[in-house]
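Presented below is the structure to which this report refers.
The values are calculated or read from the model by the stated rules, or taken from the named source; none is laboratory data. Remember, it's a predicted structure, so these values are computed and weren't measured experimentally. Glycine also receives a Cβ, built like all others from the backbone with ideal geometry; neighbour counts cover every protein chain displayed. Note: areas computed on protein heavy atoms with side chains; ligands, DNA, RNA excluded. Shrake-Rupley method; radii C 1.70, N 1.55, O 1.52, S 1.80 Å.
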Amino acid sequence: MLDDKKVTAIMEAVDEGFDEQMEFTAHLVRFPSVRGQEQTAQDFMAKEMTTRGLSVDRWKINVEDIKDLPGFSPVDISYENALNVVGTHRATRQKGHSLILNGHIDVVPTGPLDKWTTPPFEPRTENGLMYGRGAGDMKSGLVSCLFALDALKRIGYGPASDVYVQSVIEEEPTGNGTLACLQRGYRADAALIPEPMEGTLMRAEMGIMWFQVQVHGDPQHASGGQGSGVNAIEKAFYLVQALKDLERDWNGLKGEHPEYISHPYPVRFNLGRIKGGDWTSSVPAWCHFDMRVGFYPGWDLADVRAKIETCIQKAAHEDDFIKSNIPTIVYNGHQSEGFVLKNADEVEGVLGKSHKAVFGERLGEFSIPGATDGHFFSLYANTPALVYGPKCISSHGFDEAVDIESVRKTTQTIALFIAHWCGLETV
Ligand code: ZN
């Protein structure tokens, strides 16, 4: 048990290191760690973990090692630079519960740079916000794990149980970075992922599936008029519409999922990318479109695929051309099941108590229409995963930013959480 004096000391220790924490965060944002280019940011994290006395495990993910595990998502890019980094704190004696602190280093692409007020990888602080791609999702959260440990050390303590700080890649497209940590044997009594949750606890996340539909056409000269050629791009629009109808149907099922019953529209089918055609005056011979679909926790991946394929086949058979030129469906990227955080009263209670000490109010909860790496721990390692972190503005958008005060407070909560959950020993 922490007495009030120790609680105050831990919170003040976070404050003392907070300027340095935000400088560190800005430094990390400067690494443009989009997919396939995470290695320099990971090198920096490995160095900082070593400086802090953590024992560092830095390894290249081998697809062969993880490809047959539940939760694996297929990839079509090279893993040549796919480096995970885990820093381990070993307690002198195991007195409390062990803990995984997990955050992703990868960020999504910026989109057109001229839409950003200032360049996305040159962080800027203004009106209590730090702007930059990854500032909110989720480098500030990842950094808060290290600085929560720093705060404990500043007042002479370390966790009285093993703590693993995982800086993972590939959260945005697959989750294979966290899966690789499980494959490597990392386990603990609980996991905490400081994704930007505005200081609430994530109760549930949706499943996410990515797929590409490859639509065929019949290329003819564009001047051939009606009846000459078949436009693959227009046929793709037709299939997208059928999928959007399925999206509406799945939203109609939210009443069967208590975590999402009050969400206005939890299932999102996002037409994320589309490519097609070769020449403006030729009827397009091909069109490939990529979709991200959300689905409810508890739904099986094979069933979701079957539902998507049935939807496309049904639409195909109502179209004279498509029914004899059936599109190909390719699954690449997220094949991620959803989950609901359950049977985690003890660890939730510890987080709730820590949050209340900082915020002065009860810990709220929220079920997100997106996904995190939380499901890996819950579904495949029987480990409760708490997703809790600061407030992000415009996640994945232009001028992404993190609310600095929310970073300070959630770091205080995380430091208290570590102290309560793991216990403390003098260092
Ligand atoms: Zn994230």
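Structure above, values below:
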{"quantity": "Number of positions in segment 308-333 that are under 18 Å from GLY272 (Cβ atoms) and surrounded by 16 or more Cβ atoms within 10 Å (Cβ to Cβ)", "calculated": "6"}
{"quantity": "Segment 27-44: number of residues that are more than 20 Å from the chain's Cα centre (by Cα) and under 14 Å from LEU142 (Cα atoms)", "calculated": "2"}
{"quantity": "Single residue of GLY349, GLY360 found to be modelled with pLDDT of 95 or more, over 28 Å from ALA381 (Cβ atoms) and exposed (fewer than 15 other Cβ atoms within 10 Å of the Cβ)", "calculated": "GLY360"}
{"quantity": "Where a residue in segment 6-21 is of a type in the set (Gly, Ala, Ser) and its partner, wherever it lies, is not in a helix (DSSP H, G or I), with Cβ under 8 Å and at least six apart", "calculated": "ALA9/ILE155; ALA13/ILE155"}
{"quantity": "Residue within segment 158-171 that is within 14 Å of the ligand (Cβ to nearest atom) and over 16 Å from MET49 (Cβ atoms) present", "calculated": "yes"}
{"quantity": "Residue list for segment 146-182, restricted to those being more than 17 Å from THR25 (Cα to Cα), in a helix (DSSP H, G or I) and hydrophobic (A, V, I, L, M, F, W, C)", "calculated": "LEU152, LEU179, ALA180, CYS181, LEU182"}
{"quantity": "Answer residue from segment 80-98, given it is under 22 Å from GLN37 (Cα atoms) and open to solvent by 20 Å² or more (accessible area, probe 1.4 Å) and is farthest from the ligand (Cβ to nearest atom) among those", "calculated": "GLU80"}
{"quantity": "Residues of segment 174-195 satisfying the condition of being within 15 Å of the ligand (Cβ to nearest atom) and either among the small types (Gly, Ala, Ser) or open to solvent by 10 Å² or more (accessible area, probe 1.4 Å) (or both)", "calculated": "GLY175, GLY177, ALA191, GLU195"}
{"quantity": "From the options LEU113, LEU146, LEU101, residue that is more than 14 Å from the ligand (Cβ to nearest atom), over 20 Å from LYS6 (Cβ atoms) and free of Cβ contacts under 8 Å to residues at least 60 places away in the same chain", "calculated": "LEU113"}
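To keep it simple, each residue is scored yes or no on (1) surrounded by fewer than 22 Cβ atoms within 10 Å (Cβ to Cβ); (2) within 24 Å of PRO284 (Cβ to Cβ); (3) in contact with a strand residue (DSSP E or B) (Cβ under 9 Å, 6 or more places away or on another chain).
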{"position": "GLY207", "(1), (2), (3)": "no, no, yes"}
{"position": "GLN214", "(1), (2), (3)": "yes, yes, yes"}
{"position": "HIS221", "(1), (2), (3)": "yes, yes, yes"}
{"position": "GLU247", "(1), (2), (3)": "yes, no, yes"}
